[in-house]
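The values are calculated or read from the model by the stated rules, or taken from the named source; none is laboratory data. Given the structure is predicted, the values throughout are model-derived calculations rather than measurements. Glycine gets a Cβ as well: all are built from the backbone with ideal geometry, and neighbour counts include every protein chain shown. Areas reflect the complete protein model, heavy atoms only, side chains present, ligands, DNA and RNA absent. Shrake-Rupley method; radii C 1.70, N 1.55, O 1.52, S 1.80 Å.
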Amino acid sequence: MSKGKVLLVGAGPGDASLITVKGLLAIREAQVIVHDRLVNLELISQAPPHCQIINVGKTSNHHPVPQEQINQILVEHALAGKNVVRLKGGDPYVFGRGGEEAEALAHEEIPFEIIPGISSAIGGLAYAGIPVTHRHYASSFHVVTGHMCQGNEPQNWDVLAQLDGTLIVLMGMTRQEEICQRLIDGGKSPDTPAAAVMYASQQRQEIAKGTLTTLKDEIVRKKLHAPALLVIGHVVNLSDVLAFTARQIDISHEPLLQVI
Ligand code: SAH
């Protein structure tokens with residue numbers, strides 16, 4: 001039997017209509033979809049009737065499926081000749097472990113393709129009125145993970161504290177207070193603007209704004225939790241002026257997308 005193909009598709013930051021045209025077409029042709037927790041379920045509803053849907057974001061006992069098992073699921077379905085869509089939040093290669101999945105497929109000589117997506121780190125912040133660069137305020141941006149891997153500190157916060165650009169922390173909410181303090185300890189001004197953006201680009205999007213010193217209180221006051229982006233830098237101040245109310249396009253009803 002000939003092997004199926006695996007498409008690693010970026011679903012975008014949350015608003016379903018932020019998926020690429022190529023990504024949407026891939027879902028509509030999929031025989032198997034393997035998706036994460038952060039993926040908008042409206043996208044899954046675009047799958048054809050007999051498509052098998054596998055949620056690897058959360059199992060019944062609330063633990064995500066281990067990465068090796070996800071790799072195995074992709075490999076097995078492709079070897080069975082199925083066309084598989086691996087649907088991941090944001091962009092598949094931005095902290096999505098997409099690189100590991102593609103390696104597993106390459107190792108088994110299974111044909112695969114990457115369909116990039118809009119990362120929450122850039123597109124999500126845009127919805128909160130925060131441009132990651134700005135000629136007057138930030139000439140670089142740095143996207144890092146705040147998540148500790150097996151208890152090891154993933155970043156050198158002292159070095160990051162010395163950078164002038166916008167600092168964007170993914171998976172950092174549970175440690176936000178500590179991260180802000182480490183940046184202050186590393187020499188960043190305690191008055192540096194900082195924000196947390198929860199459910200970026202979705203109807204339920206919420207933002208907490210303050211400084212490296214006050215952000216923790218704002219997060220408590222506004223009851224923010226994961227998934228959220230932490231963003232540190234002067235561009236945060238622009239959100240007062242640049243925040244907008246998004247027009248949410250329902251992809252199952254929008255005539256424009258119906259013809260795609
Ligand atoms: N591949 C994804 C990131 C995966 S890591 C991307 O490119 O966006 C998961 C982390 O991304 C979350 O813990 C959170 O910090 C961030 N994230 C993803 N989607 C988000 C959203 N809609 N709102 C806020 N944070 C989000």
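Listed values, structure above:
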read-out	value
Given (1) more than 14 Å from the ligand (Cβ to nearest atom); (2) at pLDDT 95 or above, index of the condition Arg247 fails	(2)
Selection count, the stretch 192-220, where residues are assigned to a strand (DSSP E or B), open to solvent by less than 30 Å² (accessible area, probe 1.4 Å) and within 16 Å of the ligand (Cβ to nearest atom)	6
Given (1) among the small types (Gly, Ala, Ser); (2) in the same structural domain as Ala196 (by the TED database); (3) more than 16 Å from the ligand (Cβ to nearest atom), number of the condition Ala128 does not satisfy	(3)
Subset of the stretch 38-51 [loosely packed, with under 11 Cβ neighbours inside 10 Å and hydrophobic (A, V, I, L, M, F, W, C)]	Leu41
Residue ID - farthest from the ligand (Cβ to nearest atom), chosen from residues in the stretch 151-179 that are over 21 Å from Val94 (Cβ atoms) and touching a helix residue (DSSP H, G or I) at 6+ places or on another chain (Cβ under 6 Å)	Ala161
Qualifying residues in the stretch 144-175 (those that are touching a residue at least 60 places away in the same chain (Cβ under 8 Å) and in a strand (DSSP E or B)) - the one farthest from the chain's Cα centre (by Cα)	Thr166
Some residue of the stretch 173-181 being open to solvent by 60 Å² or more (accessible area, probe 1.4 Å) and within 30 Å of Leu18 (Cα to Cα)	yes
Residues located in the stretch 93-133, provided they are within 17 Å of Ala196 (Cβ to Cβ) and either of a type in the set (A, V, I, L, M) or without any contact (Cβ under 8 Å) to a residue 24 or more places away in the chain (or both)	Ala121, Ile122, Leu125, Ala126, Ala128, Ile130, Val132
Test: residue in the stretch 122-137 that is over 18 Å from the mean Cα position of the chain (by Cα) and crowded, with 18+ Cβ neighbours inside 10 Å	no
Residue match in the stretch 101-120 (condition: open to solvent by 70 Å² or more (accessible area, probe 1.4 Å), in a helix (DSSP H, G or I) and within 16 Å of the ligand (Cβ to nearest atom))	no
Residue within the stretch 15-37 that is open to solvent by less than 30 Å² (accessible area, probe 1.4 Å), away from the ligand (no atom under 16 Å from the Cβ), assigned to a loop (DSSP other than H, G, I, E, B) and at negative phi present	yes
